[in-house]
1. Which one of these is at pLDDT 85 or above and not polar (S, T, N, Q): A:Ile150, A:Ile137, A:Ile111?
2. Restricting attention to region B:32-82, report how many residues are of a type in the set (A, V, I, L, M), out of contact with any Leu (no Cβ under 7 Å at 6 or more places or on another chain) and either at pLDDT below 90 or within 18 Å of B:Leu150 (Cα to Cα) (or both).
3. How about region A:59-90: which of its residues are over 25 Å from A:Pro229 (Cα atoms) and more than 10 Å from every other protein chain (Cβ to nearest Cβ)?
4. For region A:280-305: of the residues being of a type in the set (Gly, Ala, Ser) and at pLDDT below 75, which is surrounded by the most Cβ atoms within 10 Å (Cβ to Cβ)?
5. Filter region A:1-27 for residues that are touching a Pro at 6+ places or on another chain (Cβ under 9 Å), buried (at least 24 other Cβ atoms within 10 Å of the Cβ) and not polar (S, T, N, Q) and give the result.
6. Please go through region B:101-129 and give me each residue that is of a type in the set (A, V, I, L, M, F, W, C) and under 19 Å from B:Tyr238 (Cα atoms), ordered by number.
7. Need a quick list: helices (runs of 4 or more DSSP H) entirely within region B:199-300 having at least 2 residues that are in contact with a strand residue (DSSP E or B) (Cβ under 9 Å, 6 or more places away or on another chain).
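The values are calculated or read from the model by the stated rules, or taken from the named source; none is laboratory data. Everything numeric in this text was worked out from a predicted model, so none of it was measured. Cβ atoms come from the backbone with ideal geometry, glycine included; neighbour counts cover every protein chain shown.
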Amino acid sequence: MDLGPYLVLATLEGAVTAAVLALTAVGLSLVFGVMRVVNIAHGEFFMLGAVIAWALAHGLSGHPAVGFGVALVVAPLVVGALAVAADMTILKRLDYDPERTIVATIGLLYIIQQLTLMGYGPDARPVAAPFNTRLAIPWFEKGAEGWQMIWPWGLGTTSYKLAVIAAAVAVLCAVWALMARSRIGLVMRATQSDREMALAFGIPVERVYALVFGLGAGLAALAAVLIVPIQQAHYLMGADPLLLSFVVVIIGGLGSLPGTVVAAVLIGLSDGIISVFFSPTLAKILATLLVGLVLVFRPQGLFGKRGG
Amino acid sequence: MRVYALHAGLIVLLFALHFLLPAYHHGNLARVMVLASYAIGYNILFGYTGLLSLGHALFFAAGLYGMGLGIQHLGLAPAPAFLLGLVAGAVVSGGLALLALRTSGVAFMIVTLMFAQAGYLTLLYFGTYTRGDEGFVIAQASRALWGIDLSDPGNRYLAALILFGTCLLLSLWLVRTPFGRVLVAIRENEERVRMLGYDTFAHKLAAMVISGTIAAAAGAGYGLLFGYAGATFASVQYSIFPLLWVLLGGAGTVLGPFVGTLFMFYLIDLSSGITTAYMLIAGVVLVALTLFAPQGLMGEVRRRLWKGLP
């Protein structure tokens with residue numbers, strides 16, 4: 001293949017990464033924006049979503065779509081409920097102090113990870129996609145008789161990958177509608193902009209916090225259910241999404257949802273493209289250094305407006 | 001006076017244990033002392049200056065690899081290699097400090113975390129020299145310091161004791177100097193210290209370099225004494241361990257890092273007999289600590305028994 005088809009392939013793979021990353025990162029960004037809590041255990045909520053999806057797909061017999069469909073609804077709810085419980089038993093008692101919550105969520109990370117290791121084991125396990133038609137992509141090449149359409153070997157995608165992108169876009173629109181158009185979104189934004197004042201106006205801030213923490217974790221779990229037919233479920237799979245979500249949230253500006261989505265698309269696409277041409281380790285080194293330097297020299301993020 | 005007696009007493013006790021302990025615990029204690037030196041370094045930045053770093057594994061690894069690569073690829077003798085490790089730690093911590101200290105609070109934690117992660121990935125990327133995750137063994141022949149074979153358990157214990165004792169007394173002396181007092185004041189209220197005319201940036205920079213260099217000394221010592229260097233020592237886990245040890249033992253106490261390391265080491269040692277998922281216990285301890293004893297073990301001692309404990 002020439003460079004062109006490679007680039008198309010990398011962009012498609014990158015778009016799938018970007019879609020899943022956007023969901024995960026929006027969850028992290030929501031928690032940070034409203035609660036001012038840096039949730040180190042976010043990647044583990046992602047991993048839990050994937051593991052629950054495997055358990056459901058494995059436990060329910062019949063067409064793969066049945067188990068997957070159930071997982072799509074159940075996994076985010078279960079993970080969200082767990083997160084709400086963690087918020088009410090641990091984070092609330094720390095008064096959401098930024099430094100102590102970081103230490104506590106590191107502890108939570110280890111607890112979730114190791115409990116999964118004990119219950120689920122160290123193997124990576126696949127989940128069948130509900131539908132998986134291969135779609136070849138045509139390419140135009142100038143041959144002896146002028147331009148003609150060819151079907152290069154290996155250039156193609158699956159219907160499932162396209163569905164992942166569409167689903168992510170739909171969920172992101174729903175989150176936007178929730179935040180911008182609904183009453184509960186209004187309450188969340190009020191809490192975000194001034195906690196004391198929200199409390200004075202009778203908003204149950206602690207319940208809002210629990211809800212936001214659960215919503216953030218649920219989004220991560222949903223992203224994981226979507227990606228698990230492409231990757232595999234593994235108890236250590238939370239590390240990469242966590243790191244990349246941090247990258248995205250910081251570059252997009254801490255707590256800014258539109259910035260987060262733009263940064264996710266940017267990082268997902270460039271990660272896909274860089275990984276095709278260079279070593280994935282080098283891509284990660286560049287991404288982590290970029291985050292560090294952005295935080296040092298532009299703490300409001302590349303797209304943020306106010307100082308952080 | 002009582003303060004010096006207490007700390008000298010600990011070192012004498014550890015020296016006496018050299019002759020008393022059975023081989024298994026003797027080996028464990030040597031390891032605990034080296035790791036406690038790492039925690040002492042961490043405590044100077046976190047406990048006394050109030051800066052929570054999530055990237056100290058970078059400094060530990062700088063010492064470990066500065067020493068290890070010096071022996072492996074430059075053919076250095078152990079003493080200059082150890083020095084090279086210290087210099088590497090000082091340079092890396094100084095460089096990171098210049099960048100990271102422009103930020104504060106949560107941003108400081110994430111910046112240190114990100115640079116440490118980049119350092120870890122760099123170690124993996126240059127796998128031809130560092131052998132990545134697999135690591136490399138430092139040959140027994142090149143671990144003889146002035147004719148003393150450091151791979152011998154007896155010599156190893158005493159060398160670890162010397163390293164630990166030096167770090168302990170250094171940190172005790174440091175926090176009682178005017179410089180150390182300013183660090184504590186920065187932890188309590190940085191604005192006020194700046195108003196009083198102190199250059200807080202210079203003090204924080206110095207604290208981070210001292211902290212990083214002690215961590216590097218522990219890393220280089222670990223490599224020399226136990227003969228192994230691997231990229232795992234640069235991973236996030238090894239940045240979180242000293243935080244855990246210091247929190248457990250008591251942040252901002254001189255003895256805390258040692259108490260915390262000892263406690264955690266035996267907690268994991270005993271629990272790994274029961275389950276392979278021993279990190280679960282680390283997680284539960286972390287959560288329980290932030291909830292119930294934010295002062296740590298020695299912090300509770302200071303609060304209840306002895307107010308003047310340094």
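1. On the way: A:Ile150 fails: at pLDDT 85 or above; A:Ile137 fails: at pLDDT 85 or above.
Of A:Ile150, A:Ile137, A:Ile111, the one residue that is at pLDDT 85 or above and not polar (S, T, N, Q) is A:Ile111.
2. The qualifying residues number 8.
3. So in region A:59-90, the residues over 25 Å from A:Pro229 (Cα atoms) come out as A:84-90.
Hits for region A:59-90 are A:Val84, A:Ala85, A:Asp87, A:Met88.
4. First pass over region A:280-305, keeping only residues of a type in the set (Gly, Ala, Ser): A:283, A:287, A:292, A:301, A:304.
With at pLDDT below 75 added as a condition, the list becomes A:301, A:304.
On the way: A:Gly301: 22, A:Gly304: 18.
Ranking the candidates gives A:Gly301 first.
5. A:Val20, A:Leu21, A:Ala25
6. Of region B:101-129, the ones of a type in the set (A, V, I, L, M, F, W, C) are B:101, B:106-111, B:113-116, B:118, B:121, B:123-124, B:126.
B:Phe108, B:Met109, B:Ile110, B:Val111, B:Leu113, B:Met114, B:Phe115, B:Ala116, B:Ala118, B:Leu121, B:Leu123, B:Leu124 - these are the residues of region B:101-129 that are of a type in the set (A, V, I, L, M, F, W, C) and under 19 Å from B:Tyr238 (Cα atoms).
7. Details: elements: B:200-226, B:236-249, B:256-271, B:279-292.
Where helices (runs of 4 or more DSSP H) fall fully within region B:199-300 and carry at least 2 residues being in contact with a strand residue (DSSP E or B) (Cβ under 9 Å, 6 or more places away or on another chain), they are B:200-226.
The rows are residues; the columns are (1) over 21 Å from A:Ala220 (Cα atoms); (2) of a type in the set (A, V, I, L, M, F, W, C); (3) in a helix (DSSP H, G or I); (4) without any contact (Cβ under 8 Å) to a residue 60 or more places away in the chain.
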{"site": "A:Ile52", "(1), (2), (3), (4)": "no, yes, yes, no"}
{"site": "A:Val70", "(1), (2), (3), (4)": "no, yes, yes, yes"}
{"site": "A:Pro76", "(1), (2), (3), (4)": "no, no, yes, no"}
{"site": "A:Ala85", "(1), (2), (3), (4)": "no, yes, yes, yes"}
{"site": "A:Leu91", "(1), (2), (3), (4)": "no, yes, yes, no"}
{"site": "A:Thr101", "(1), (2), (3), (4)": "no, no, yes, no"}
{"site": "A:Ala104", "(1), (2), (3), (4)": "no, yes, yes, yes"}
{"site": "A:Leu115", "(1), (2), (3), (4)": "no, yes, yes, yes"}
